[in-house]
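Since the structure comes first, as structure tokens, the remarks are kept for the end.
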Amino acid sequence: MIGVAVMSQFEFVMTVVSVFMSFGVVRLLDGLRAALNVDRRYWVHSAWVLIRLASYVVLWWGSWSVREFESWNLLRFALWLVPFGLLYLQVTALVTTRPNDVQDWRVHFYEIRTWFFATNVFFIVSLFLTTSVFGGVPVVHPISISYLIIFVVSVAGYFSDSHKVQAAIVLIALFNLVLGWGGQIFDPATLIPPEALNP
């Protein structure tokens, strides 16, 4: 008799997450050439596009840390999807559905700035909640400090249309991505140890 493989809850959840992620990655890659066009690009915008591409990689890799979580229900499933949905909303604002029609990415960035950073505030809050709910990550933790930094600079980005401020924010975000998130998620098990998932 042939055995039938049964999909785990983690695999079931990640199937839907991968659909969300694929939409965002495809949108970013579709807009990347136009965003990097020498005649139209704005380096702050280009940097955010690359940071958001990297964010998908980091979030996908970090999702492995909840592979042994067993207490899934509809509410937790919905909560887990929220960051991926918010990230997609940011992506569609960054590169639009018609990137080749954008004549000046600097103008475009400042037009969508408040939406982008407001969404980023909710994105960071949702990440904090998911790591707390799924992994019991304490408030004082390196990843929480990373979230706090991006929360603060996102609020600043929402209120400021200064190029210097925006340049500083994107550099902080890049630094934070590499040292904050990256340092915790190169090995997903270091973010949320398996024993913390199902006490």
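The values are calculated or read from the model by the stated rules, or taken from the named source; none is laboratory data. Please read these numbers as outputs of a predicted model, since none were measured by experiment. No Cβ is skipped: glycine too gets one built from the backbone with ideal geometry, and neighbour counts run over all protein chains shown.
Quick check on region 85-93. Is at least one of its residues at pLDDT 90 or above and under 21 Å from L179 (Cβ atoms)? For region 85-93, residues at pLDDT 90 or above and under 21 Å from L179 (Cβ atoms): present. Note on region 57-99: among residues that are polar (S, T, N, Q) and assigned to a helix (DSSP H, G or I), the one that is nearest to R27 (Cα to Cα) is T92. Scanning region 49-96 for residues that are without any contact (Cβ under 8 Å) to a residue 24 or more places away in the chain and more than 17 Å from S146 (Cβ to Cβ) returns L50, N73, L74, L75, A78. Every listed requirement among (1) part of a helix (DSSP H, G or I); (2) touching a helix residue (DSSP H, G or I) at 6+ places or on another chain (Cβ under 6 Å); (3) aliphatic (A, V, I, L, M) is met by I145 save one, (2). Evaluated against (1) within 30 Å of D104 (Cβ to Cβ); (2) more than 13 Å from the chain's Cα centre (by Cα); (3) of a type in the set (D, E, K, R); (4) in a helix (DSSP H, G or I), E11 falls short on exactly one condition, (1).
Let's see how each residue does on (1) of a type in the set (D, E); (2) over 27 Å from R41 (Cα atoms); (3) more than 17 Å from the chain's Cα centre (by Cα):
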| residue | (1), (2), (3) |
| --- | --- |
| V125 | no, yes, no |
| G136 | no, yes, yes |
| S154 | no, no, no |
| Y158 | no, no, yes |
| A168 | no, no, yes |
| I172 | no, no, no |
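For region 1-23, a residue qualifies if it is modelled with pLDDT of 90 or more and of a type outside the set (A, V, I, L, M), and the qualifying residues are T15, S18, S22, F23.
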